[in-house]
Structure formats: C-alpha cells, structure tokens
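Since the structure comes first, as structure tokens, the remarks are kept for the end.
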C-alpha cells in the first residue's frame, strides 16, 4: 500500500498508521469546525424540505460520533470495522431522533454525505489527504457509518410503529376490562345467592372459567404488545435456577398428568442466574406449557446445561413436529404452529421478547414428523 494512505495497518510504526493518527488528531482539533460545517449544510437542506427542527435535534450524536471516529482511527481495526464500531453505540439514539423528526432514509444518508464533505474539506486543509487512495479510505469510514445508521433507522422506525400499535391495543384492552370486571363481579354476586348457586352451580362454573379465560387472553395480548414495543422494564437480579424453575413448572406436572403424558425435569437448582424473575418465569412457563399443550402422548422433558456465561434450558416434547416454514414464524405474535389447537398464538412471542429484553435467546428445531426441541439461554451473574 502507498505511503501516505489513511487505512491502516498492522505494524506499530507503519507510516499508514501514522497517517491515521494524523487524521485522528485533525478530527480532535477541529471537531467543532467539522460539526459546524455539517450543521449549516444539513440545516439548509432540512429547511428547504420543510420540517422545522432545532439545531440541537440535528446535532444529536454527531459530535460524539466524530470523537469516537478519532479513537477508531488510532486503533488497529480495519477502516470498515473501525467506522462501524465508532458509530454503532450512538446510532440508535441518532436514529430514534430522526424517526421522531420524520426523516426518511434518503435524508438520513444525505446527512452522512454532507458530513463526509466537511471531513474532506478539513482533511485537505490540514494536508492529511493527498491522493485518491486516502480519499477512498475516508469514504469507507463514512460508508460504514451509513450502513449501521440505516439499520438502526429501520429498527427504530419499526419500534415506533410497534409503540403506536401498543397504544392502540392498550386502549382497546382497557375498554374491554371494564365490562369484563363488571361481568366477573356480577357472577360473584350470583354465586353468593344460595338459591342461584344451588340451582345453577355448574353454569356459574362455566361462566367463571370463560371470564377468566377472557381475562387471561387480554393480559396476554397486552403483555405481548408491550414487549414488542420494548415498554416492559427489565429488572434483573441474581437468583437460583431452582426458584425460577419451581414456579415455571408448578402447573406443568398437573397438566401433563391430566393428559396422560410423562413430564420430567433435570436441572441443577443451585446454579445462579442473573435475570428478571417475572419475565423469565413467564418465558419458561409459556414454552413448557406450549410443549404440554401440543403433546398428546409420550413425554415432555426439561433439562439445563451450565456454561461459563449463561445457562441453557432445553425443552423436548413428543408433539407432531413442525415444518421449516412453521419454525420461521412460531415466535411471531398470533402465529400458531398447530391450527387445530386452541390458543392465541402469543405464548412463544411473549417468551421470545421476555428473554431478549434481558439478553437471553430462544430457538427451536424439529425433525418435522415427530417432536420438537426448544432451547432458551439465561445470563449468569458477572464474575
């Protein structure tokens, strides 16, 4: 590679690395100048397009990005990797602001084109870019940021849409809860009347079960939407696996016994995990209950596997199996793998979001004709 290039390299005293350090120093010294040039140009273009935004909104995260970009240039990473890592930590905050301001992807990309222009100007003024290769490397830096920013923008836009949907669902469930509460209170009062309870006890039992099922569905829908919109606060604590598993499997044994299937558990209750107890119990309960629901004969087995940084929970069942197409959608809300079974299709969606909210994961596999294997990961306390 030519002497004087901006990208990089390898040996501690490599002149290319020295050039990167020079560019980093220029960014540090003239950060406010680069940011000011960029802000003036972006502000003018935004004003021409119509949206009324403040300089503070526009400036969001750019100064911090330039500072991290200088740090990346001093490191040993490639230009592309360094440019990505410099931006990734602040990209989400920037993307959320752009979504709120109503920017589209073209405007987002245009911001970085203008930032690149300002960087080029200052770099040439400081004589740290003298040939096409160096210019290409600086372009690669900004290109890496553009790719990361577009992904963050799309994720943030989707999150904003999910939050709007969660608001609508929240309003609807609130409206449904009021008449449901009235119906449950009326049923309770009827049960207190001795003559009614004696004559219609079986009907009141059916009514209670139906009303409780409606309430459970409403709570499930609301929780699923709040998890999708990332509006559920996660509060992880150090807790033993046994305490979580005891609660998550409490009803599973009885349900399995009623269906005549074998339910087995095998795990070390003393293993410490770092999780939100409520979210984790909900996730495990949904996966285990789901396995029992779809297994009509045979077994359901729950085991654990201890790793350095996490614990894996495995749930094996003897259901009719799932196709590759079904495996792709089973963790999405309202997607039921077995249409013939009752349910809302929310259990696995809730489990996925509950685990992801605290750094865990969930997956599934199936041979197709018989049986499924679900696995979940739970983080352990940091040493």
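The values are calculated or read from the model by the stated rules, or taken from the named source; none is laboratory data. Predicted, not measured: the structure shown is a model, and the values here were computed from it.
Suppose we keep only residues that are assigned to a strand (DSSP E or B) and under 20 Å from residue 311 (Cα atoms) within region 358-371. Which one would you say is farthest from the chain's Cα centre (by Cα)? Once the filter is applied, the top-ranked residue is 365. Counting residues in region 271-293 that are at pLDDT 85 or above, part of a loop (DSSP other than H, G, I, E, B) and on the phi < 0 side of the Ramachandran plot gives one or more. The set of residues in region 241-263 being part of a loop (DSSP other than H, G, I, E, B) and either over 16 Å from residue 313 (Cα atoms) or not assigned by TED's automatic domain parsing to the domain that holds residue 293 (or both) consists of 250, 251, 260, 261. Residues satisfying the criterion are present in region 347-357 (criterion: part of a loop (DSSP other than H, G, I, E, B) and at pLDDT below 85).
Residues checked against (1) at pLDDT 75 or above; (2) not in a helix (DSSP H, G or I):
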site	(1), (2)
2	no, yes
5	no, yes
21	yes, no
25	yes, no
40	yes, no
56	no, no
63	yes, no
70	yes, no
